Structure formats: C-alpha cells, structure tokens
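The values are calculated or read from the model by the stated rules, or taken from the named source; none is laboratory data. Not measured: the values here are computed from a predicted model. Using ideal geometry, Cβ is built from the backbone for each residue, glycine included, and neighbour counts are taken over all protein chains shown. What goes into the accessible areas is simple: the full protein's heavy atoms, side chains included, and nothing from ligands, DNA or RNA. Shrake-Rupley method; radii C 1.70, N 1.55, O 1.52, S 1.80 Å.
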Amino acid sequence: MDSENRRAVITAAQAGDRRALDELVAGWLPLVYNIVGRALNGHADVDDVVQETMLRAVDNLGSLRAPDSFRSWLVAIAMRQIRDRARRRTPDRLEEAATSDFAELTVLRLQLEGQRREVAEAVRWLDDEDRQLLSLWWLEVAGELTRRELAAAVGITRQHAAVRVQRMKERLETSRGIVRALDGACPDLREVTGRWNGRPDSVWRKRLARHIRGCGYCGDTREAVVPAEHLLVGIALVPLPVGFTLSLAFGGKTAVAATSAGWSAKLLGAFTKPAVAMTAGATIVAGGAYVVTQPPDAPPPRAASIPPAPAPATSAPPRSSAPAAPTPKSSPSATKKSDPYGTVVDAVDRAPDPNARPAALPRRPESGITSTGGPKAVMQHRGDSVTLTGRGYVLVRWQISPGSRPGALVMPSWTGLKGRLFHVASGGWRRMDDPLPGAPNGYATGMGGPAIGYAVLPPGTQQMWQNEYFYLDGTVTLTQNERGCDYGITVFPSDREAVVRDINEGPADGALRYGLVRDTGTDSAPVPQYVTRSAPADPSTVPQRSRV
C-alpha cells in the first residue's frame, strides 16, 4: 500500500468506516507482532502485549492528528506496552519459560541459513533493553521502519539512537561469536560450560566471550563475518502463527458486547479467528510448536548403499586415532521379511572413505517434531531428558569431554517409544574417533587422546558421529545417562533438507569427511541401539539390543 492509500485508509477509519478499520488492523498486526515477539523473544506475554497494543491503537485512533505518523505512533504504543509489561513482572515470574522461542521461529518461518540464522539465534543472548532496541533496528534495516520512527518509539533523539544502536550491535556481534563457538567442538569450551544450565544470560555471555577472545579454536572463523545489517536487508516480516488470536484484546468484553459497542464482524474475526501463515513450506502453530509441511510423496525409495544391518557385534573395536578405513562395511541382515519392525539394529561399522559421497536420503513424510526441551535441548548431566513427539527428523549432536573425566561412556537411551524410530544418517563432518587436526590439550580424536585418556564405548556400540540423525513417527524420550566419561548431547528437531545439507558437506568445504546415509526407506532401516518401548526406572539399564 502506497502512502496516499495508507493515508486514505487511516482517515476513513478515523471517520468510522468499519471496512477501513478492518483493513488497518489486518495490515499492521504483523508489524506489531514482529516487534513484540522479537523484543520479548516469544515469551508467554507476547499475545497479551500485542492484544493490548492493537486495542489501544483502535480505541485511540481518533486522537491521531497526522495520518502520516500512524506507523511511528503505533510502534510507540507497542514499545510502551513492552516497557509496561517489564515493570509489571513480579520476581516469581522473572524465570518463566518462554512458550515459544521467537529467534528459532524466525529461523524456521523465514528459512534462514548460515550467518542469517546465526544472527537470529544470537538474539537469545541479549539483555531485555538491547532486545527491545533490536526489535526496532531489525525492522529498520529490513526496510519496515525509518530511523526517525525508531528514535520516536524509544523516546530519544536520532543522535542518541545512533549511539544506542551501535552499542547494541557490538553486543550482538559478541553473541554471534558465542553461537558459532557453541556449535563447534572446542574441548576447552565444553569444560567452561560444564555448569551452565543452557539458558543464555548476560553473565554467561561475558564468560563465554572471555573464553572466545583467548581461544584460537573458537576465534578462528571458517568464513568472513558479514555485518548483521547486511544480512538483515530484505528479510520479510515473520508471518503470524497459525492459531494466533487476539480474542483477549477486549479485556472483559464478550464478543457480543464488543459487537454492540460498534466493532464490525470482520474486525472481530481478525481478533478471534486463527490466522494461517504459510512461508517457504513452513506452517507455524500456536504456542511456538511448528510443523514443516510437505506435499504427499510416493512411497520412499530405498537407499542404494546402506542395506539393513545385522545385530550388533559382541565386542567394541579399539579406539584409535589412526585414519578410518577407506570403505564402509555393513552386511545384509539375516532378518526375514516377515519379521516385525524393530528386529534390525546397527552393526558396528567402519567409517567410509572421507571423499565417499553419501547415498540419496530416502524421503519420509514430515509433519514436524515438537520437543519438551524446546528447539534446542542441551543435556549435559545424568538424568537430563527430552520427550519428542510427531513425525519428522531429529538431530542429536555429540560433545564428549574426556579431558574433564575419561573412561567408560554410559550411552543415552531412548525409552517409552510409541510408534517407530529409525537411525537415518550420520554427519557433522566427522566421526568422533576421527583425528582432530591441531587438537589442543592432549586430544587426538573427539574420543580423547593418549595424553588425557579416551572415552570408551560399551561393547558392541556403534561409533557415533558428531551429528546423528533419526526419524520419529510417534513419541519417545531420550535420556542422558552420564556416569563415567563426561559428555553432553544437544537435541534439535530438524527436517530432511537440513540432513541432506549436512551429510553432503565434505572435505572440499573444510570438513573431515562426507556423511553417511543409513536409511533404507523401509521398516527394515536400522533403529537406534539402546531403544525400548518400556519406561524403566533407570534409563541407563536399557539393553544394547534394541527392544522395539
């Protein structure tokens, strides 16, 4: 809508034109949702603040003297509601968990990748004040706001706004470095984060920033870092989530009372009817849970290179820092076709040649995975668990720290399985027993080294890669069972495209090796070791032979 039409709509709405009011609310609701959602990072109060902002704007529309200033006036209302919400918070609500992580939802809804994704995830590490300013600056560089409107919304001069934005950008760049480091494999950083609860805050931001400044591993980026403002140019507004509703915007009014007060039926619909948002194939549902939509597919094809594998070997291969063998080894299973799902598990295999490209990953239907741990569940201590539900792909990322405590590794277990669970691919550029070039502090591989000791897998356990991918159709709980060697795992709901990107990034891109496809595309695909349909009191006692 151009400025002349916008002015006409606002003027008509002020004069009582219900159709114009409908258009005004529908047109500006996404902007308000983005400002509030990003400022509060998806906190449970987002809906309430958006509702109150829109209600105040509608109620006070007649007081707006200059239609041309509507956008800055609306943004200023939103910022006042955000600040009022901060003042109203009681101490017992300060640690409330967000119902949705706006940073992660931004990545999902706009399909951000690479450094754009990094910027969105870095928002979690900013303080409330910086996040509020970022919610405006993000929209400024994306072309949705002007600097004059940003300054007016914050209530400061343009000169002061420039200083505030610059300081916020510096802290954002620090946070980007933290995101990169946490996605890496620095063993010293693993030690630093040993007592971190996984929640970003200013104290840990400073601690991790100090580590990164003095660490050659974490400070060495693989590519030039693009300024955040260049990454954000042209990024669209995050669409409203499916199920987003403004039904509480009337306060104590019922829908009937609101109608009698002069609200039009269409405007009521804008407040009470769930909005459907479809962007780049992603549908977002209320409360931050998400599903990745995909048109129906034909039956998935069988992978060419990884046949069903036999039951596990009885003893583990020795840990070695020598380069892996050049060819994959996996034998056909003796299981009959009539055997039920779950009788096939991984055999202990040897790593493929570093330059061997993975087979095509079969396509399985995806409707998305929800996680009780959110979009990024960090499990660093014995007993930490996450329950996954839905149909889609899951990434389990390994981080082992024998430098902290070497020895026997008690593997994580999958319990309470309802439905089906397959081990579909391995990636992350390396197996954990691959040599680490220039590894610090006595490390030779991701499993340790002669100077510090090794992480030792139980007999018959398949050697894990940095990233292990699974496909779930149902529900299951994954539990971290650390008792010997120190390790952590991070669990991310994922999708097939992300798996394919990961496993196809090979040595030419700076990785140690290409990934490996394990999925056969059928129910004979391997299932994880240490998986059971029961729910034992001690998950670490799940037998190595899968019982599904």
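Its relative contact order, with pairs defined as Cα atoms under 8 Å and 6+ residues apart, puts the range 466-548 at 18 percent.
As a rough guide to protection, the peptides 202-208, 492-498, 395-401 ranked by mean Cβ packing within 10 Å, highest first, stand as 395-401, 492-498, 202-208. Working from label points 7 Å from Cα in the Cα-to-Cβ sense, the Asn504 to Arg80 distance is 5.3 nm. For the range 413-506, the share of alpha carbon pairs falling in successive 10 Å distance bins from zero is 13, 39, 35, 11, 1 percent. For the range 125-165, what class follows from the C-alpha gyration tensor (a ≥ b ≥ c being the square roots of its eigenvalues): rounded when a/c is under 1.5, otherwise prolate if a/b is larger than b/c, else oblate? Taking the square roots of the gyration eigenvalues as a ≥ b ≥ c, the range 125-165 is oblate. Taking only protein heavy atoms and a 1.4 Å probe, the accessible area of the range 2-56 is 44% carbon and sulfur.
Assuming a ≥ b ≥ c are the square roots of the Cα gyration tensor eigenvalues, decide whether the range 389-548 counts as rounded (a/c under 1.5), prolate (otherwise, with a/b larger than b/c) or oblate. Cα axes put the range 389-548 in the oblate bin.
Decide, for the range 348-406, between rounded, prolate and oblate: order the square roots of the alpha carbon gyration tensor eigenvalues as a ≥ b ≥ c, take rounded if a/c falls under 1.5, and otherwise choose prolate if a/b is larger than b/c, else oblate. Because a/c hits 1.5 or more and a/b fails to exceed b/c, the range 348-406 counts as oblate. Inter-label distance, Ser367 to Val226: 3.6 nm, where each label sits 7 Å from its Cα along the C-beta direction. For the set Val348, Val36, solvent exposure ranked by accessible area (probe 1.4 Å, protein chains only) runs largest to smallest as Val348, Val36.
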